[in-house]
Amino acid sequence: MRSGGVIDLRVAALRTQHTCIRARSRTKMSASTSSSGKRRAEENGILISDHGVKRQKLQTRAQQVLSVKDVCDLVQYITLGRSHNLRKPSWYSLGGESVSRVNLMILDGLTQSHFYSHFGLFTHLSRKYSSRWTLAPSSGERLTSELFNSEVSNASHKLPVRLWWHPVICRFGLKMTGMRGFLLNEQEMIKHQFPVRGGRDCEGFVCTESDGSVSDSSPLFGLDCEMVCIRALIGRSNECVMLDWMNDVSVCPVIGCQWCCAGWMGLFQCVTRAGPEVTRVALVDSTGECLLDELVKPHNPILNYCTRFSGITPAILDPVTTRLAEVQTRLLELLPRDAVLVGHSLDSDLRALHIVHPHILDTSLLYRREHGRRFKLKHLAQVVLGRQIQCEVREGHDPCEDARAALHLAQYFISKGPQKMLDDHGSDLWELTVEELEAEFDQEKNTKNSSVLFGDVHFKSCKSAVFVGRSSETIDRLVTQQCRRHTCSSDRQVLSVFRKVAASYSLSLLLFSSFSSVGAQHDHLQQVCERLEQMCVLYVGPLPPDVSEGQVHALLRRCGRLRSVRMLHFTHRVHARVVFDFPEGALMALERQGTLRLDGCTVKVRRPLHDSSLDLDERLSERQSDPINDRIIYVCNLSRKPQRRQTQLQSFVQHGRIQHVWSSAEHAGRCSRHAFIEFERADSTQAALQDPNRKQTLCHALTPPHMSLWTHPLSVTIESTEQHKQECDRQLLERKIRKLDRRVGKVFRTLEKHCLSIVILPGAKIDGAEHPGMCFIQMKPA
């Protein structure tokens with residue numbers, strides 16, 4: 001029995017031990033599963049607490065100050081980055097939008113302090129531009145000069161500089177792409193005057209039934225038209241001037257008609273009021289088979305048949321009864337929804353046909369030349385295809401032959417790709433000899449810095465630039481070829497000139513200089529900084545006679561970080577002048593009025609009161625209505641212990657997802673007592689502000705995300721003896737700001753859709769003190 005009892009006890013002990021081992025194993029497995037789940041949750045930005053409560057992983061934001069180089073890099077990336085491997089700036093994202101043009105406005109002499117001290121006067125800048133950054137101080141002239149003289153690195157390229165910046169490579173890059181990569185986008189179609197839906201002078205045009213689903217295998221259709229000049233009188237003109245593509249001039253004997261050449265060989269594009277009239281239309285499919293070859297009877301009397309070029313005579317056209325509307329119907333029936341039209345200078349053909357089609361391959365823009373020049377179709381067919389077209393022995397052109405040649409040129413270009421095209425035809429088309437390129441490449445490899453200037457690259461890429469503004473030595477050093485200059489003596493003239501040339505340039509720089517002489521004055525900047533600092537200043541008192549600055553600091557530090565505390569002993573009773581880092585701190589201290597006590601005595605806080613601060617409440621209200629702060633709150637009285645502080649911030653997740661959290665610089669490794677929280681939605685901000693159970697003190701943010709400093713060492717209090725003079729200066733300053741802001745708004749309205757507008761307040765450096773500027777960016781909406 002004893003032996004059996006011992007055995008039973010041993011068995012029971014072993015069973016208990018085995019049970020414990022299995023329990024520990026399940027616990028480990030559960031912990032492992034929980035840990036892996038937590039890792040998966042962290043990857044999605046969500047943390048799971050021990051109690052199963054979801055906690056968002058808060059993202060901190062670093063306040064970035066841009067430099068002139070950052071702005072130049074952005075302009076370079078937008079204008080050249082598509083095909084030249086330029087690094088995308090991390091501080092700004094286009095969100096997948098394509099940019100048609102870039103407009104850069106420089107408001108010389110203005111600083112960030114000007115903008116926020118007179119925020120209510122900058123109505124266009126504050127409402128139209130949704131993105132703002134603080135900019136390191138510079139000058140308008142320096143920024144303009146550095147933009148065009150900034151280097152575009154070529155160190156990693158495997159091609160000579162001259163080949164790398166060739167217009168074909170600039171537009172299409174080096175990588176082999178499908179057919180879709182060579183289609184004209186909407187901005188290019190507008191630039192080259194193709195008819196577009198809802199475009200200028202396209203009223204009454206017929207739109208093809210394209211559904212937009214184009215692939216690399218979509219069918220290609222070659223199109224060509226022949227046109228004649230119709231009767232139309234042009235003012236006092238007594239002769240017709242005909243211009244070919246190379247600007248050679250000849251005179252037509254017909255009286256009262258003016259027309260220029262802009263067709264296949266720069267021919268048949270009438271510029272009379274009545275426009276061109278189609279007399280023959282040809283359409284070929286992707287195999288080159290002719291689907292349509294139709295003569296068309298013009299509605300208007302024909303002035304000149306241009307038989308030498310069109311091959312059309314009265315005898316041929318007289319019996320024809322087909323009208324343009326019938327041809328349009330035939331074309332719409334023949335073209336499938338994913339059709340791609342191919343032609344040479346196809347804009348003139350589509351305008352003559354009164355047809356809008358969104359998918360275009362234009363061979364005159366595939367085989368690009370420098371400075372925007374184009375090859376003739378006859379020359380391309382001879383050099384690339386080895387084919388003779390438009391022979392002189394035959395009168396007129398065969399539109400089927402021309403359409404087929406354009407189709408085959410496009411197919412050849414797509415099959416070879418840009419780099420192979422330059423390798424095979426660089427010498428016979430673009431005069432790029434292999435020997436010269438190899439010598440240049442060897443020389444560049446032996447050079448430490450193989451960079452080129454942005455101005456040169458922009459110009460060689462067939463892109464145009466214009467500068468409109470005041471003349472100076474720095475501006476005058478810009479190369480004329482790089483940038484067209486319009487010298488203006490006033491801001492009003494800058495606006496007037498730009499309105500006339502806005503649509504002619506891919507990059508435009510406007511220099512408004514009405515503040516260039518005033519904005520850089522020491523006294524003027526002092527007044528502006530003092531006006532801005534007023535939002536952060538409070539007077540505290542009366543205080544006990546023996547109170548110290550440290551005690552005042554300890555009393556108010558829970559409201560926000562203090563920049564300075566100065567005791568005022570010259571008053572009847574002791575007061576203190578307190579300056580917060582941010583206006584939110586002063587606002588929170590005012591809200592605690594009646595609860596602040598020092599040595600058993602209630603302490604009052606109040607705003608400064610003098611002439612320049614009478615409108616302070618209105619200025620604070622304007623800051624609260626700033627759309628850039630719609631989703632941001634200011635939280636104070638946070639714990640300095642990291643874990644406790646994180647828990648306090650996490651409590652705001654219940655109101656909505658948090659996008660960023662940031663605060664001022666930490667001191668001695670301690671966390672800041674305040675923070676700014678940016679939600680993803682504006683209604684989350686309102687929910688947090690209206691929460692009756694909140695434990696932290698908070699308010700709607702007044703400080704924009706990019707701004708790290710409201711006060712400045714140069715800030716001074718205006719003396720009473722100078723108040724009358726300062727009042728006159730203030731009124732003049734406000735009038736000038738309103739006028740300049742209105743001009744910014746007028747420039748923005750002038751811009752076409754998808755134009756990227758950049759406004760620069762350069763800032764200033766005076767007597768060793770730096771006054772930061774600002775950068776505003778906005779895409780002109782469609």
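Where a number appears in this text, it was derived from the coordinates with a stated rule and is not lab data. Predicted, not measured: the structure shown is a model, and the values here were computed from it. Positions of Cβ are generated from backbone atoms using ideal geometry, with glycine treated the same way; all protein chains shown enter the neighbour counts.
With 5 Å bins beginning at zero, the pair-distance distribution over Cα atoms of segment 525-614 amounts to 3, 14, 27, 26, 18, 9, 3, 0, 0 %. The distance from the alpha carbon centre of segment 564-611 to that of segment 339-355 is 74 Å, rounded to a whole number.
Note on LEU689 and GLU209: their simple-model spin labels are 5.4 nm apart, each label 7 Å out from Cα toward Cβ. Taking the fewest neighbouring Cβ atoms within 10 Å as the starting point, the ordered list for VAL565, VAL635 is VAL565, VAL635.
Between segment 291-324 and segment 185-226, how many Å separate their Cα centres? Distance between centres, Cα-based: 24 Å. In terms of surrounding Cβ atoms within a 10 Å radius of their Cβ, ASP683, ASP338 rank from fewest to most as ASP683, ASP338. Can you work out the base-10 log of I(q)/I(0) for segment 511-577 at q = 0.12, 0.17, 0.21, 0.28 1/Å, using the Debye formula on its C-alpha atoms alone? These q points yield log10 I(q)/I(0) values of -0.48, -0.71, -0.89, -1.20. Expressed in units of 2.2 N^0.38 Å, where N is the residue count, the Cα radius of gyration of segment 627-700 is 1.05. A Förster distance of 25 Å, applied to the separation of the beta-carbon atoms of LEU598 and ARG640, puts the FRET efficiency at 0.70. Close amide H contacts of ARG484 (hydrogens built in the peptide plane, cut-off under 5 Å, sequence separation of 5 or more or a different chain): ALA465, VAL466, PHE467. Counting every other Cβ atom within 10 Å of each residue's Cβ, ASP349, ASP626, ASP615 order from fewest to most as ASP615, ASP626, ASP349. For the pair ASP729 and SER489, the difference between a 0.36 nm per residue extended length and the Cα-Cα distance amounts to 84.1 nm. Between GLU289 and GLN624, the simple label model (points 7 Å from Cα in the Cβ direction) yields a spacing of 7.5 nm. Rounded to 0.05, the FRET efficiency of the TRP91 and SER564 pair, given R0 = 35 Å and the Cβ-Cβ distance, is 0.65. Distance from the Cα centroid of segment 497-518 to that of segment 108-124 is 19 Å (rounded to whole angstrom).
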